[in-house]
Amino acid sequence: MTSHGEERSLADLVEALADGTGRDARFIAAGHPEVTQLIASWIREAAHAGNWTRVDKFANLAAPLRAPGLGGALQEILDSDAVGFNKEDFVEILGEIREAGAVACLFRVAESSVGEDAPAYWLCQKVISSLGEIGTPEALERLRRMTPKSWPDVVRWHAAVELGVEDELGFDEDQMLG
């Protein structure tokens, strides 16, 4: 068992070792196996402090390790009023780790961002991709809820493509890809 000071020192060391991409995750975890169990709490602490560089570094390190609690920590940040972090990265990570518990959170991200995400709707597209990667019945249902005319055509089309129903919904691919 480590004391809070030792854990903080380990967090500082791991942050210094991490390149921010996650490519070094296995190497770091091999040298410091306790990282996998501690990193979600480090993400929460860094988020609380508004240290988004550290949050991003740790989130990218935690993803390939499938660190316990990562999905919950990222959802807490996405559902918060925090500013200054990269929502797209967190959305992608939740899809990459196939965090089934994040489906509702991801849908809320799309709903809340659609107004300011125009014209390309990059964040909505990442949500759609992540929901597709998660692939649970609930995730597929949320994708279906993004295909009605109440959503912008670009979003509707990407959701329909993810579901494989774009022809069924009458989309002209050439027109959608402009």
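Being among the acidic types (D, E), over 17 Å from the mean Cα position of the chain (by Cα) and either assigned to a loop (DSSP other than H, G, I, E, B) or closer than 17 Å to E88 by Cβ (or both) is the filter here, so list the residues in region 34-70 that pass it.
E34
With the structure loaded, tell me whether A18 is modelled with pLDDT under 95, surrounded by 14 or more Cβ atoms within 10 Å (Cβ to Cβ) and under 18 Å from the mean Cα position of the chain (by Cα) or whether it fails that test.
Answer is no for this residue.
Taking the stated definitions as given, is D79 within 18 Å of D24 (Cβ to Cβ) and under 15 Å from the mean Cα position of the chain (by Cα)?
Spelling it out, it is not the case that D79 is within 18 Å of D24 (Cβ to Cβ) and under 15 Å from the mean Cα position of the chain (by Cα).
Out of region 135-162, which residues are in a helix (DSSP H, G or I), open to solvent by 20 Å² or more (accessible area, probe 1.4 Å) and of a type in the set (V, I, T)?
V154, V161
Take the residues of region 118-127 that are surrounded by 19 or more Cβ atoms within 10 Å (Cβ to Cβ) and not aliphatic (A, V, I, L, M): which is farthest from E96 (Cα to Cα)?
Within region 118-127, the match that is farthest from E96 (Cα to Cα) is Y121.
Please verify whether region 21-33 includes one or more residues that are more than 30 Å from D153 (Cα to Cα), over 19 Å from the mean Cα position of the chain (by Cα) and crowded, with 17+ Cβ neighbours inside 10 Å.
Yes: one or more hits.
How many residues does region 77-113 hold that are within 21 Å of G22 (Cα to Cα) and acidic (D, E)?
Going through region 77-113 one residue at a time, the tally reaches 5.
Of G71, G84, G95, which residue is crowded, with 18+ Cβ neighbours inside 10 Å, of a type outside the set (S, T, Y) and within 20 Å of A46 (Cβ to Cβ)?
Matching residue, one of G71, G84, G95: G71.
The values are calculated or read from the model by the stated rules, or taken from the named source; none is laboratory data. From a predicted model like this one, the values you see are computed outputs, not experimental measurements. Counting neighbours? That spans all protein chains shown, and the Cβs are built from the backbone with ideal geometry, glycine included. SASA here: full protein model, heavy atoms, side chains in, ligands and nucleic acids out. Shrake-Rupley method; radii C 1.70, N 1.55, O 1.52, S 1.80 Å.
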